[in-house]
1. Working only within the stretch 73-93, note down all residues that are surrounded by fewer than 19 Cβ atoms within 10 Å (Cβ to Cβ) and in a loop (DSSP other than H, G, I, E, B).
2. Do the conditions hold for Leu319, that is, is it part of a helix (DSSP H, G or I), modelled with pLDDT of 65 or more and either over 24 Å from the mean Cα position of the chain (by Cα) or closer than 30 Å to Glu270 by Cβ (or both)?
3. Return the only residue of Thr344, Thr328, Thr287 being within 20 Å of Ala396 (Cα to Cα) and either touching a residue at least 40 places away in the same chain (Cβ under 8 Å) or in a helix (DSSP H, G or I) (or both).
4. Output the number of the condition that Ala218 fails; it satisfies all remaining conditions of (1) in contact with a Ser or Thr (Cβ under 7 Å, 6 or more places away or on another chain); (2) aliphatic (A, V, I, L, M); (3) within 16 Å of ligand 2 (Cβ to nearest atom); (4) over 24 Å from Leu345 (Cα atoms).
5. Looking only at residues in the stretch 244-264 that are surrounded by 23 or more Cβ atoms within 10 Å (Cβ to Cβ) and more than 16 Å from ligand 2 (Cβ to nearest atom), which one is farthest from Ala163 (Cα to Cα)?
6. Filter the stretch 339-348 down to the residues that are of a type outside the set (Asp, Glu) and surrounded by fewer than 22 Cβ atoms within 10 Å (Cβ to Cβ), then identify the one that is farthest from ligand 2 (Cβ to nearest atom).
7. Going through Ala150, Ala143, Ala132 one at a time, which residue ends up being within 17 Å of the chain's Cα centre (by Cα), under 25 Å from Arg23 (Cα atoms) and assigned by TED's automatic domain parsing to the domain that holds Pro261?
8. Can you tell me how many residues in the stretch 171-199 are within 16 Å of the chain's Cα centre (by Cα), more than 16 Å from ligand 2 (Cβ to nearest atom) and among the charged types (D, E, K, R)?
Amino acid sequence: MPTPPPIPVLPASPAASPAARARDPRPGLSGLDTGALAAWIAERGAPAFRARQVSDHLWSGRPGGVDALRTLPAELRAALDASFRVDTLPETLVREADGGLTEKALHHLDDGRTIESVLMRYPARGPRRERATICISSQAGCAVGCPFCATGELGFWRDLEVAEIVDQARFWRGRLAPEGRRVTNIVFMGMGEPFLNTERVLQAAAILTDPAAFGLGARHVTISTSGVVPGIAALTAFGSQVTLAVSLHAARPALRDLLVPLNRRWPVAEVVEAATGYAEATGRRVTYEIVMIDGINDTPADAEATATLLRGRLAHVNLIPMNPVAHTPWQPSPRERIDAFAETLRRVGIDTTIRRNRGIEIGAACGQLAAELAGAPAPAAVARRRELLVRESAAALLDAGSTGTPA
Ligand code: SAH
Ligand code: SF4
């Protein structure tokens, strides 16, 4: 038996997190699209170039609230301050790991909640240019409750506003600017299920990819979903070239019910159909992610079921060794089993990669964030949760064995 991971400080429930304060009623400025900002400026009788000055500041990577907008007349600055927050994440703590290659930011929201984002630097390799990928949150907490995920354990607090999403990207742009570096990729793989906050996530994606705003190429933005079918349909209708990632984790329905509880609402076959619809509409490959859990979803039968499900589709599979989290007894799959799983998929022509874990030492696996500050859970609660998972996974595995692959 592998030794269980040490128990990091996890809250027992959202109630154990810092008390929520009243929300600041002013919306965040970066959540406005360029047209809306221009309209607001025009309504105040100010010339159009003032909107450009505000945009220049917002997207330059220069830090600061309304005071930093010194080029604006005082009256306009005061009006702006009365109507909007120039920065919705003014208080952030940063921690480094991997010799500075990974950085994790803990952002304080106006109501006392916290969310996290992560920067992962990839130095240039051969012909590949260096990259700086940020992993951002779409919600504070998450209601889906995947049992291997630290965010799932926290429960759900609230949806993020458009500006709270966009300002995570602005934060990292500001942090990289003095080095002469840029954010090259954005993944929605932080806290939360993006497609349970679809409208705001898509608005944020529009601003992040608008050349007059944040200005990243749509292909460099990835939205990861645990399988919210209407959200995938909304992304298809959104009509951009954003990359879609689907957190598959298991092809067999009974096992997926356990690993991704949303499977009971939107079964895996429907999720893959919707994702294939996106691939066909955009011509873009969908990434399917599988967190590899020792003895749970990494068997030859699971590999076969995944191959059957995805073969012939515009798909790419990413196998991610699970990062241990406190409330589960589960461990990452051994490397040989991940290699064998990958081989089964490659044999039927499915392009498959294995992701190296990043930032484990600071708990910065995307989707594994925001736990430490909130207070320790009672050890008895952790023990109960672990026992329950062992029982449930035993039942799911038996069931998966008898139901075989999905139709
Ligand atoms: N809610 C969305 C996006 C955030 S989770 C989703 O589930 O897709 C982002 C990714 O982190 C998911 O693929 C998730 O499976 C992964 N993840 C969560 N917990 C993890 C863990 N303990 N180890 C490795 N990856 C994990
Ligand atoms: Fe939510 Fe994604 Fe974590 Fe599942 S893996 S609990 S959907 S954040």
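1. Residues satisfying the conditions are Pro73, Pro90.
2. no
3. Details: Thr344 fails: within 20 Å of Ala396 (Cα to Cα); Thr287 fails: within 20 Å of Ala396 (Cα to Cα).
Exactly one residue qualifies, and that residue is Thr328.
4. For Ala218, the exception is condition (3).
5. Checking each candidate, the answer is Arg252.
6. Arg347
7. Among Ala150, Ala143, Ala132, only Ala143 is within 17 Å of the chain's Cα centre (by Cα), under 25 Å from Arg23 (Cα atoms) and assigned by TED's automatic domain parsing to the domain that holds Pro261.
8. 1
The values are calculated or read from the model by the stated rules, or taken from the named source; none is laboratory data. Bear in mind that the values here come from a model prediction, so they are computed numbers and not experimental data. Backbone-built Cβ (ideal geometry, glycine too); neighbour counts: all protein chains shown.
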